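For reference, the structure is listed below as structure tokens.
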Amino acid sequence: MNILAYLIPISLVLGGVGLVGFIYTVRSNQYDDPEGDAERILSDEWDDHPKP
Amino acid sequence: MTVALRPSACPACTAAPAAEAAAERDAPRDAQIFLSLPTIHCAACIARIERGLSEHPGVRAARVNLTRKRASVTAADDVSAAQLVAAVEAMGYEAHELDASSLRATETDRAGRDLLMRMAVAGFASMNVMLLSVSVWSGAEDATRDLFHWISAAIALPTIAFSGQPFFRNAWSALKAKRLNMDVPISLAILLAVVTSLWETALSGEHAYFDAAVALTFFLLAGRYLDHRTRAVARSAAEELTALEVPRAWRIGADGVEREVDVAELVEGDLIRVRPGARCPVDGEVVEGTSEMDRSLLTGETLPVFSGPGQPVSAGEINLSGPLVIRATAVGTDTSLHRLADLVAVAEAGRARYTSLADRAAKLYAPGVHILAALAFAGWYLATWDVRTALNIAAAVLIITCPCALGLAVPAVTTAASGRLFRQGMLIKHETALERLAEVDCVVFDKTGTLTEGDPRLVANDEFDADDLARAAALAEGSSHPLARAVLRAARDAGVAPAKIENVEEVPGYGIRGQIGGEEIRLGRAAWVDAETGASTETWLRVGRRDAVRFAFEDRLREGASDTVAALRGAGHRVLLISGDTERAVASLAARVGIDEWLAETRPEDKVARIEALTAEGAHVLMVGDGLNDTAALAAAHVSISPASALDAARAASDIVLLGRNLSPVAGSLDLARKATRRITENFRIATIYNIVAVPLAVAGLATPLVAALAMSTSSITVSLNALRLR
């Protein structure tokens with residue numbers, strides 16, 4: 001039964017990390033242009049170095 | 001360049017202007033310019049426009065948003081939007097300037113973000129609670145089960161408190177107004193589920209509905225979010241259309257200097273310069289200059305109207321040939337344009353009376369559920385004399401009947417349908433527009449600007465020969481009058497080179513004159529060249545003393561106009577044409593597109609009266625129109641469509657905006673709307689069948705948390721999948 005004492009907090013923390021990550025992406029406007037983002041994958045424009 | 005004129009503090013900069021220009025480019029004087037790019041559609045478009053714009057001098061950053069089809073450009077102060085528009089058009093894309101201030105308001109979608117956040121939290125919680133619940137369902141007992149229930153409670157309570165707020169708030173405001181809406185049973189179910197579960201947990205009971213409460217919140221929030229997104233996309237696109245008209249005017253100050261000001265700053269009595277090609281910003285009287293005004297958007301007349309000193313002009317008319325100075329007699333909300341736009345507000349209030357399918361369902365549903373739960377409680381209490389059991393059963397009934405599927409039924413379908421229409425170039429503005437569109441059985445078209453493009457073309461006939469065309473084209477070269485441009489285009493298409501001509505001069509409001517070999521030639525209004533005025537759109541060419549030659553013009557049909565009419569008639573709809581233009585013009589156009597019923601020379605009131613008469617006969621009228629004269633008719637019709645090229649007021653009055661040039665999506669949209677309504681009723685039926693199966697289980701006390709979770713998810717997923725069939 002002791003395993004529960006580890007696993008439950010771990011699952012909650014991992015889920016929480018995902019949640020925090022999601023909230024960060026919402027706050028930083030990453031869902032403003034879903035269609036554009038899908039198309040941008042096809043462009044090799046910034047493949048070698050990030051956009052300045 | 002300004003650099004050379006301005007004394008510089010830095011001597012090196014004077015020596016090297018490029019260095020100063022570079023220094024200037026790094027100075028923090030950025031302006032944000034927004035461009036609308038209606039024709040972009042792929043990765044290559046994005047890359048090309050972003051690269052092209054970044055290479056434009058003065059541009060620091062350019063970002064294209066494909067979802068909203070717009071670009072935001074950060075550029076130095078001296079870069080004008082017109083330059084960028086020209087640059088994008090040179091790349092082969094259509095571009096329009098957007099008014100940055102009216103866009104700012106919609107840049108961040110706060111309500112949507114709020115819903116998304118609540119949905120994320122509910123999703124996170126429901127996954128975790130579900131994990132714990134699965135252990136309970138698969139046989140955890142005693143202390144372990146209690147522990148799992150307590151952990152579930154610790155996750156579910158804060159989640160409900162945060163994520164459930166939109167429902168609680170709506171329900172509370174409905175109760176305060178002594179009404180019932182869908183949110184009342186939802187809130188009651190969520191709260192009752194949490195309260196009885198806590199109670200059960202405290203008494204170490206077997207069943208806790210924490211997972212149901214959280215999953216319910218999650219599913220319903222998903223429905224709300226879908227609903228919000230559909231409307232947010234439409235709203236932002238509609239606002240974009242408003243932003244297309246940048247409200248600026250040239251005011252002549254007391255010192256005689258012209259300044260560009262916002263239309264909002266104009267007051268009565270101001271002198272305003274209206275340049276050729278510009279739209280008149282206010283109602284007023286011409287003080288100086290002569291020109292011709294295009295009134296087609298206001299009245300449906302295709303022939304330009306002469307205007308000179310003393311003549312009244314109203315806001316929205318387009319100045320065609322000469323510069324005018326007008327004295328404002330009415331500004332802002334007093335202009336005739338705005339007064340007509342106010343009619344729209346009245347119509348919008350009328351539209352609100354239409355109850356959507358979802359509301360009608362909720363009206364039946366909410367009281368039914370409450371009565372059922374109350375009966376279950378009373379029955380079980382009388383049977384067992386145990387409040388705990390009775391309350392548990394009542395909660396189970398509320399949870400299992402809770403309109404999870406109903407909450408998703410409408411939003412899922414409307415999202416799928418309006419997404420599909422958006423891709424075809426139609427924008428649904430009003431929330432019930434789709435349902436009303438499905439009921440249409442009679443379609444009324446306006447002529448100018450709706451069935452036709454509102455852009456005249458020269459009709460080739462034997463009244464003039466190639467020499468005449470060459471001379472006319474030579475004169476037309478210097479003018480921006482639409483008829484002159486049509487002549488020029490026809491000459492180019494026919495391969496006729498403009499003749500050699502001297503002393504070309506435009507006489508605003510009349511025409512153009514010039515000389516060939518000492519002989520004066522004129523191209524312009526009938527009266528100016530001593531010819532008889534005809535009924536169609538025409539211009540006359542007179543060479544020396546010879547008889548004037550007539551050039552007749554015809555408005556070109558909008559792309560897809562005939563096909564649309566044919567498709568509508570094929571589908572059994574009644575099709576009418578009502579226009580403010582002359583009888584001859586309307587009759588010939590009606591014959592061309594194949595409409596038998598038509599009315600000409602109608603005033604705005606006549607159009608409304610006709611539509612009201614049709615409605616009284618029991619028809620559901622779809623009005624398609626673009627002019628100010630159509631505004632009231634658009635509002636009076638059951639549902640209305642206007643092209644994006646329409647005047648602001650007309651677009652505001654209509655439920656659906658047609659984004660592209662092509663008219664053919666109209667016929668398809670009626671079909672799609674009908675399919676969408678069918679899907680919505682199907683979804684209601686699915687939800688009802690599910691309730692018929694599940695409610696007896698719940699009332700019999702057999703709805704364990706596992707059954708509730710399974711039933712709820714199944715119905716929600718079925719409903720969503722059914723909606724996806726529309727895509």
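When the stretch B:524-572 is filtered for residues that are in a loop (DSSP other than H, G, I, E, B) and over 38 Å from the mean Cα position of the chain (by Cα), the ones remaining, listed by number, are B:Arg525, B:Ala526, B:Asp530, B:Ala531, B:Glu532, B:Thr533, B:Gly534, B:Gly544, B:Arg545, B:Arg546, B:Asp547, B:Ala548.
Need a quick list: strands (runs of 3 or more DSSP E) entirely within the stretch B:595-670 having at least 1 residues that are surrounded by fewer than 20 Cβ atoms within 10 Å (Cβ to Cβ) and touching an Asp or Glu at 6+ places or on another chain (Cβ under 9 Å).
B:597-599
Answer with yes or no whether A:Leu12 is at negative phi, part of a helix (DSSP H, G or I) and loosely packed, with under 12 Cβ neighbours inside 10 Å. Spelling it out, it is not the case that A:Leu12 is at negative phi, part of a helix (DSSP H, G or I) and loosely packed, with under 12 Cβ neighbours inside 10 Å.
Across the stretch B:479-495, the number of residues qualifying as assigned to a loop (DSSP other than H, G, I, E, B) and surrounded by fewer than 20 Cβ atoms within 10 Å (Cβ to Cβ) comes to 2. Within the stretch B:40-49, the set of residues being touching an Asp or Glu at 6+ places or on another chain (Cβ under 8 Å) and either more than 21 Å from B:Gly425 (Cα to Cα) or away from chain A (no Cβ under 13 Å) (or both) comprises just one member, B:Ala47. Can you find a residue that is out of contact with any Lys or Arg (no Cβ under 8 Å at 6 or more places or on another chain), of a type in the set (S, T, N, Q) and part of a loop (DSSP other than H, G, I, E, B) anywhere in the stretch A:35-52? Scanning the stretch A:35-52 turns up at least one residue that is out of contact with any Lys or Arg (no Cβ under 8 Å at 6 or more places or on another chain), of a type in the set (S, T, N, Q) and part of a loop (DSSP other than H, G, I, E, B). Every residue in the stretch A:30-50 that is facing chain B (nearest Cβ under 8 Å) and either open to solvent by less than 90 Å² (accessible area, probe 1.4 Å) or at pLDDT below 75 (or both), please. Passing the criteria: A:Asp32, A:Asp33, A:Pro34, A:Gly36, A:Glu39, A:Arg40, A:Ser43, A:Glu45. Residue check: A:Tyr6 meets all listed conditions (1) modelled with pLDDT of 85 or more; (2) open to solvent by 40 Å² or more (accessible area, probe 1.4 Å); (3) under 19 Å from the mean Cα position of the chain (by Cα); (4) more than 7 Å from every other protein chain (Cβ to nearest Cβ) but one, namely (3).
Tell me which residues, restricted to the stretch B:39-53, are among the hydrophobic types (A, V, I, L, M, F, W, C) and either free of Cβ contacts under 8 Å to residues at least 24 places away in the same chain or assigned to a strand (DSSP E or B) (or both).
Result: B:Cys42, B:Ala43, B:Ala44, B:Ile46, B:Ala47.
In the condition set (1) open to solvent by 60 Å² or more (accessible area, probe 1.4 Å); (2) under 15 Å from B:Val487 (Cβ atoms), B:Glu505 is compliant with all but (2). Please work out if B:Val504 is touching a Phe, Trp or Tyr at 6+ places or on another chain (Cβ under 6 Å) and within 30 Å of B:Leu475 (Cβ to Cβ). No.
The values are calculated or read from the model by the stated rules, or taken from the named source; none is laboratory data. Keep in mind it's a predicted model, so treat the numbers as computed, not measured. Using ideal geometry, Cβ is built from the backbone for each residue, glycine included, and neighbour counts are taken over all protein chains shown. Keep in mind that these areas ignore ligands, DNA and RNA; they rest on the heavy atoms of the full protein, side chains included. Shrake-Rupley method; radii C 1.70, N 1.55, O 1.52, S 1.80 Å.
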